[in-house]
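Shown next, in structure tokens, is the structure this report addresses.
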Amino acid sequence: MLNAWRLLREPPALLKDVGGRDPENVGQMGRFWAVTMGSTIGMVVADAIAIGIGRLLGKNIPELLMRRVSGVIFIVFGLFSIGSVLFG
């Protein structure tokens, strides 16, 4: 049976448990932690920038205006997403 905690300690264990023993795949799984840490650090940095910009704007722009503008932006992105699905 596949043990999730074992996968956290040694990601290549997944390949052994499912039967895939291609050396090329094992090498790619070795990069698991580098990719995980890189993406996590990137998200934290992006969040920190967004929080900083939000605090700066929050001091200079009334909250009601910010809510309305963000609502309009949300609706526009939603309409673009729906349009891209419907019309390609």
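Residue-by-condition table, conditions (1) among the aromatic types (Phe, Trp, Tyr); (2) at pLDDT below 65; (3) in a helix (DSSP H, G or I):
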| position | (1), (2), (3) |
| --- | --- |
| 2 | no, yes, no |
| 8 | no, yes, yes |
| 14 | no, yes, yes |
| 27 | no, yes, yes |
| 36 | no, no, yes |
| 44 | no, no, yes |
| 77 | yes, no, yes |
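Could you pull out the residue among 53, 49 that is aliphatic (A, V, I, L, M), part of a helix (DSSP H, G or I) and at pLDDT 95 or above?
49
The values are calculated or read from the model by the stated rules, or taken from the named source; none is laboratory data. For clarity, every value in this text was computed on a predicted model and none was experimentally measured.
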